[in-house]
Every structure is written in structure tokens, then in C-alpha cells.
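Beneath this line is the structure, given in C-alpha cells, with notes to follow.
The values are calculated or read from the model by the stated rules, or taken from the named source; none is laboratory data. Keep in mind it's a predicted model, so treat the numbers as computed, not measured. Methodologically, a virtual Cβ is constructed for each residue, glycine included, from the backbone with ideal geometry; neighbour enumeration extends over all protein chains shown.
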Amino acid sequence: MTTPTGAPPPGTPASTPDAAGKGSPLGRLSPVVLILITVVGVLVLSALVFLLGRMTAGTSQAVVLESPVVTEEPIEVVTPVDDAPAPTVETIPDEPVVEEFPDEPIVEDPVVEEIPDEPVIDPAADPAASGQVVEIGAGITAAVPPGWEATAEEGSVAIGNADGGALLRLYEVPVGTTGPQLLSYYLQEVLSTEMTDLEMTTPEPLAVDVASITSAGVAVYRGTYVSQQGSTPLEGILYGFVRGDGTALVVDGYWAPGTDLVEEIDAITISAINTM
């Protein structure tokens, strides 16, 4: 075999150009250019690193500035007390409640006359001198008002007119008996047997300026008197007087509802106690 002129002998490997040879593009650049490229790359890389650091720092600073400042107030802890009473809540009505009272009472109470502390019997106002006098007994007499009639029996006298009257009765009671006790006895033994629907106040002491009278009492009543002639509603007043020797006088004054004979009955009573 014929070898071309200038060719390497057979068996000899072909030479490989190095990095600086003409076969590589870098090999064709001068060292100065390579240094400049390297410097520029380092500068660019540094600039990128610097810019990236500024952006990161700016972002962190903005976040800090924009975060709201929160001031935490101290929280007061309230410990419940088991023994503390529960609060009372009062309900206030929208409008006040006004109770209306009826013009007339639904239940009519009995008429009760208030007994004064001062005596209602004045012994000085004795009408006996100007009218008829009737004897009751034990030296006791009573005056009869003009126009009235008197009926006397042993130990009692009835004096009256068409509207009512007064029944005067004598009793012998133990010494020391009081006027209110005498009237309580009269209520049980006389009035309760002659009247129905009887209502009576509690007998009260009565002051009388008569030396021989040791005690006196007064009470008022109302009810229905029952007799053979029929039933009659009555109102009345009771006087009871006890003398020191045990002689007692009950004056039972009565009248029909709607009339008032208290003045005439008081005159009869005054005339009687002046002779006790």
C-alpha cells in the first residue's frame, strides 16, 4: 500500500488539539478577553446578589412597619362568690295600679256609736220639774216627756210614743257589780230572748257624776223585736247604773230605723239617775 506524502506513518494516532488550540472557539480568544469576561461576570453576579439582598431587606422592613401595634389590656379575673345573693330584679308596671273603692260598702256593718270619754248623761239637765213624773221603785222616779205615755209595773216603767220609747227596769245585783257587767247580763237574759238578728257593741264604762252611783256602762244595739203582734226592726241604746247598796237600773231606749229618740231617752235617764 502506498502512503500519501505528508501523512503520518501507519499506526500513529492522530494528534488531539488542546483547549488553547485553534480547533476550540475559546482557543481562538486572547487571554485578555477571557479576563474581561470573567471580571464582568463576577460584577454582574455581585450586582444580582446585592439587588436580591436589598429586595429581601425592603420586603422585611415593609412587613414590620405595616404590622399593627397591639397593646394588650390586663384582663380582670372575676372570681364568683357562692354565698353572694342573686340580684333582685323588680318589675315596674307600665302604669300604677289604682284601686277603685265602691261608692257604697258591699257589706253593711252595724251602726256603732262611738262612746265618748266624757259622760253623755248630764244630771244637771233634769226635765222632771217641767213634766209628769212616774215612780219606778226603790225611791227612783223618771220624768215623762211631753206627749209621751208611761205604763208602770212593779220594778219597771215603760215610757214611749209612736216611734219608740224607753224601758226602765230595776235589779238587785251583788255589791261590786259594774255597769258593763250589768248590761252583759241584760243582753243575755232579756234582749237575746226578745229579739232576733241581734247585734250589739261591747258594753263600755260610762262616767257619771252622781255620788251614789258606783259604776255605769253604755252600749248600742240593733235587731228585730218579735212579739205576738209581729216582728219590728229596732235600733237602741242601753244604759246601766249600779248604786252602792246593790240596786241597779237598766234604761233600754229604742226606736224605729230612720228616727232618732236619743235626746228624749237621755232626758228620761237623767231624771232617773238624779233620784238614785
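Structure data summary
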quantity: Qualifying residue in segment 248-258 (condition: within 19 Å of Pro174 (Cα to Cα), of a type in the set (Phe, Trp, Tyr) and buried (at least 19 other Cβ atoms within 10 Å of the Cβ)); calculated: no
quantity: Qualifying residue in segment 200-212 (condition: farther than 16 Å from Asp266 by Cβ, at pLDDT below 95 and not in a loop (DSSP other than H, G, I, E, B)); calculated: yes
quantity: Pair list, Cβ under 7 Å, 6 or more apart: segment 249-273 residue closer than 16 Å to Leu191 by Cβ, other residue hydroxyl-bearing (Ser, Thr, Tyr) and part of a helix (DSSP H, G or I); calculated: Val250/Tyr186; Val251/Thr269
quantity: Leading residue by the ranking (modelled with the highest pLDDT) among those in segment 143-162 that are in contact with a Leu (Cβ under 6 Å, 6 or more places away or on another chain) and not β-branched (Val, Ile, Thr); calculated: Ala158
quantity: Criterion violated by Thr178 - all others in (1) within 52 Å of the chain's Cα centre (by Cα); (2) crowded, with 21+ Cβ neighbours inside 10 Å; (3) not basic (Lys, Arg) satisfied; calculated: (2)
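So that you can scan it fast, the table gives a plain yes or no per residue for (1) in contact with a Ser or Thr (Cβ under 7 Å, 6 or more places away or on another chain); (2) outside any strand (DSSP E or B):
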position: Ala150; (1), (2): no, no
position: Ala166; (1), (2): no, no
position: Pro174; (1), (2): no, yes
position: Val190; (1), (2): no, yes
position: Leu198; (1), (2): yes, no
position: Thr214; (1), (2): no, no
position: Ala219; (1), (2): yes, no
position: Gly223; (1), (2): yes, no
